[in-house]
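Chemist: Attaching a single structure in structure tokens format; questions to follow.
The values are calculated or read from the model by the stated rules, or taken from the named source; none is laboratory data. Since the model is a prediction, treat every value here as computed from it, not as a measurement. Reconstructed Cβ throughout: ideal geometry from the backbone, glycine too, with neighbour counts over all protein chains shown. Side chains are part of the model used for accessible areas, which takes the heavy atoms of the whole protein and leaves out ligands, DNA and RNA. Shrake-Rupley method; radii C 1.70, N 1.55, O 1.52, S 1.80 Å.
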Amino acid sequence: MISLPIKALVFIYTKAGTAFKVVEKVKEIEGVKEAYAVTGEFDVVAKVEVADLKELGEKVVNKIHGIEGVVRTVTSIVVE
């Protein structure tokens, strides 16, 4: 069986005024393919590709949540 990377979208809430700084830090994380400051409910959206769910959890909890200005995240795994 061929192992495909897991793709996910991470929706990030930030403290007021920190979205652009958070985007720049998120882009530095290995496995982040794209990251954007956006309008609407979330402040930042990142597209992430990783080898497995454990790595996804580590990226979100240890890397993204460790960025100054990040308040919380919602992660959606791509199914198609």
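Chemist: For PHE20, PHE42, write out the residues from largest to smallest accessible area, computed with a 1.4 angstrom probe and no ligands counted.
Modeler: Working: PHE20 165, PHE42 45 Å².
From most accessible down to least: PHE20, PHE42.
Chemist: When Lys and Arg each count +1 and Asp and Glu each count -1, what net charge do the other residues less than 13 Å away from LYS33, Cβ to Cβ, add up to?
Modeler: On the way: positive: LYS7, LYS27, LYS47, LYS59; negative: GLU28, GLU30, GLU34, GLU49.
Here the count lands on 0.
Chemist: Within the set of other residues whose C-beta is less than 11 Å from the C-beta of ILE6, count the net charge using Lys and Arg as +1 and Asp and Glu as -1. The partial results should precede the final answer.
Modeler: Working: positive: LYS7, LYS54, LYS59; negative: GLU49, ASP52, GLU55.
Net charge in that neighbourhood comes out at 0.
Chemist: Using only DSSP helix segments of four residues or longer, with each worth -39500 (n - 2.57), what per-residue ellipticity at 222 nm results for the chain after dividing by its residue count and rounding to 500? Please report the intermediate quantities before stating the final value.
Modeler: Values: 2 runs with 15 residues, N = 80.
Calculated at 222 nm, the ellipticity per residue is -5000 deg cm²/dmol.
Chemist: Go ahead and run the numbers for FRET between ALA16 and GLU80, Cβ-Cβ distance against an R0 of 41 Å, rounding to 0.05.
Modeler: Details: r = 35 Å, r/R0 = 0.85.
My answer for the efficiency is 0.75.
Chemist: Roughly how many Å² is the accessible area per residue of the chain, as a whole number, for a 1.4 Å probe? Let's see the in-between values first.
Modeler: On the way: 5440 Å² over 80 residues.
Each residue of the chain exposes 68 Å² on average to a 1.4 Å probe.
Chemist: Now, a different point. Which order do ASP52, ASP43 take when ranked by solvent-accessible area (1.4 Å probe, heavy atoms of all protein chains), largest first? Numbers along the way, then the final one.
Modeler: Numbers: ASP52 70, ASP43 45 Å².
Correct descending sequence by accessible area is ASP52, ASP43.
Chemist: May I ask you to give the percent of accessible area on the range 5-52 that is carbon plus sulfur, with a probe radius of 1.4 Å? Could the numbers behind the result be given before it?
Modeler: On the way: 1530 of 2820 Å².
Exposed carbon and sulfur together represent 54 percent of the surface.
Chemist: Would you work out if the range 31-80 is rounded, prolate or oblate? Take a ≥ b ≥ c from the square roots of the eigenvalues of the alpha-carbon gyration tensor; rounded if a/c is under 1.5, else prolate when a/b is larger than b/c, oblate otherwise.
Modeler: Values: a/c = 1.90, a/b = 1.26, b/c = 1.51.
Taking the square roots of the gyration eigenvalues as a ≥ b ≥ c, the range 31-80 is oblate.
Chemist: May I ask you to list the aspartates and glutamates whose Cα is less than 20 Å away from that of LYS59, ignoring any residue fewer than eight positions away on the same chain?
Modeler: In chain and number order, the partners are GLU24, GLU28, GLU30, GLU34, ASP43, GLU49, GLU68.
Chemist: Let me ask something additional. Keeping all protein chains in place and using 1.4 angstrom, which order do VAL26, VAL61, VAL32, VAL74 fall into by accessible surface area, from largest down?
Modeler: Numbers: VAL26 0, VAL61 95, VAL32 25, VAL74 55 Å².
Final ranking, largest accessible area leading: VAL61, VAL74, VAL32, VAL26.
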